[in-house]
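Each remark here refers to the structure printed beneath this line.
The values are calculated or read from the model by the stated rules, or taken from the named source; none is laboratory data. These numbers come from a predicted model, not from an experiment. When we count neighbours, we look across all protein chains shown, and the Cβ atoms used for this are built from the backbone with ideal geometry, even at glycine. These accessible areas exclude ligands, DNA and RNA; they are computed on the full protein's heavy atoms, side chains included. Shrake-Rupley method; radii C 1.70, N 1.55, O 1.52, S 1.80 Å.
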Amino acid sequence: MIRWLVGAIGFCVVATHALAADVTEIGIGYLGHTGVKPKLSLVEQPADNDGMAGARLAIEDNNTTGKFLNQHFTLEEVRLKDGDDVAKAALALAGHNGFIIADLPADALLQAADALRDRGTVLLNAGAIDDRLREQDCRANVIHVAPTRSMLADALAQYLVWKQWKRWLLVAGSHDTDKLFADALRRAAARFGAKIVQERTFEDTGGARRTDSGVTLIQRQMPVFTQAAPAYDVLVAADESEVFASYLPYRTWDPRPVAGSAGLVPATWDASQDQWGAVQMQNRFLKLNSRRMTALDMQAWTAARLIGEAASRTNSGDPKKVFDFLKGPDFSVAAFKGTRLTLRDWNLQLRQPILLVDGRMVVSVSPQEGFLHQVSELDTLGVDRPETKCKLQ
């Protein structure tokens, strides 16, 4: 009996070492810039780990499942300073990570994608919402987890049209990104039957926006700026540069709701999201980070979970096998949004519902009821297959 016990213990020790040796290591990189874009509101300032915190939570989730499959996920972060070589940093990160989550502007993302084209590294875009990255500038090695501007604009337009708020006063900022969002809103209005009764441009004249403006001055400025408009149902603001939109609610000349970059805002995630099991997710994130989860956190979480889900389904950490499965018809991932998310095979954009939030609550979720599609109602948001200019390369 003693000899049997000794033999059994020895076998277990050997088996344990064998299993440990067979663990598949799956490295995920995170490539972003140092610093965060400031917000007009002091209570909405992003944390330094915005995005990265969501990826870390997903790594914990991946490893919870991975331990049963002898898979272990790791996360390595690289932050770029102004002037750093994006391609060089991406290549260095790809040296020991088969997947890279990127929170980069459009041009920097393209540099990274082109540098990694022949390495087999999969990039997951968690931050850039530019439509051109999924259209004329699409790349075959980039999965887009972040939504496009057109998806966000379509989600908002569907709700406004559903509410019969079809007459819009469009106010756009003077920066390039503001103009791109305004273009997406014009497209959405034409697509779903809304009418832009007038357009106005809010010029950014510089200066310290908080210290130079003051409540009294803003209270006088915004009504004057919005007066004498044709009859409209809702003011729709395009202000990605964070110059003026947050000052519009309750200050317009006519008593009208505000939507777009302030008021009712389209987003992939919000701290008030409490449906479809999201409370448990929000609580885990809060415990881990002592703050609420942002849209960028959720996009990074989803990117890492795409990898984890595909790795578990294929029982492989090989980037090519995982990537092929992600692009295939059998892939889907749950993300606390009431439906399973899949990839559009023509441009590698993640299909996903868009939340419409007011800063305190989720007001609605698009696609809205009644907006139908022959394949997926989620494809009513953004550029559909017949419209695409993407030729993956």
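Contact map, segment 87-100: first residue under 19 Å from residue 304 (Cα atoms), second residue part of a helix (DSSP H, G or I) and open to solvent by 50 Å² or more (accessible area, probe 1.4 Å), Cβ cut-off under 8 Å, separation 6 or more or different chains; pairs are 90/111.
Listed conditions (1) in contact (Cβ under 8 Å) with a residue 24 or more places away in the chain; (2) open to solvent by 20 Å² or more (accessible area, probe 1.4 Å) are all met by residue 239, apart from (2).
Looking only at residues of segment 204-229 that are surrounded by 10 or more Cβ atoms within 10 Å (Cβ to Cβ) and outside any helix (DSSP H, G or I), we find that the one that is modelled with the lowest pLDDT is 204.
Checked against (1) assigned to a helix (DSSP H, G or I); (2) surrounded by 14 or more Cβ atoms within 10 Å (Cβ to Cβ); (3) modelled with pLDDT of 95 or more, residue 65 passes all but condition (3). The set of residues from segment 264-291 being crowded, with 22+ Cβ neighbours inside 10 Å and part of a loop (DSSP other than H, G, I, E, B) comprises 268, 269, 270, 273. Taking segment 361-377, which residues are under 20 Å from residue 181 (Cα atoms) and open to solvent by less than 20 Å² (accessible area, probe 1.4 Å)? Result: 366, single match. Take the conditions (1) in a helix (DSSP H, G or I); (2) open to solvent by 10 Å² or more (accessible area, probe 1.4 Å); (3) in contact with a helix residue (DSSP H, G or I) (Cβ under 9 Å, 6 or more places away or on another chain); residue 339 misses just one of them, which is (1). When restricted to residues that are surrounded by fewer than 17 Cβ atoms within 10 Å (Cβ to Cβ) and closer than 21 Å to residue 279 by Cβ, segment 298-336 contains 1. Once segment 34-62 is narrowed to residues that are among the charged types (D, E, K, R) and assigned to a loop (DSSP other than H, G, I, E, B), the residue that is least open to solvent (accessible area, probe 1.4 Å) is 50. All conditions in (1) modelled with pLDDT of 95 or more; (2) open to solvent by 70 Å² or more (accessible area, probe 1.4 Å); (3) part of a loop (DSSP other than H, G, I, E, B); (4) in contact with an Asp or Glu (Cβ under 8 Å, 6 or more places away or on another chain) hold for residue 84, with the sole exception of (4). Which one is surrounded by the fewest Cβ atoms within 10 Å (Cβ to Cβ) among residues in segment 242-263 that are outside any helix (DSSP H, G or I) and of a type in the set (A, V, I, L, M)? The selected residue is 243.
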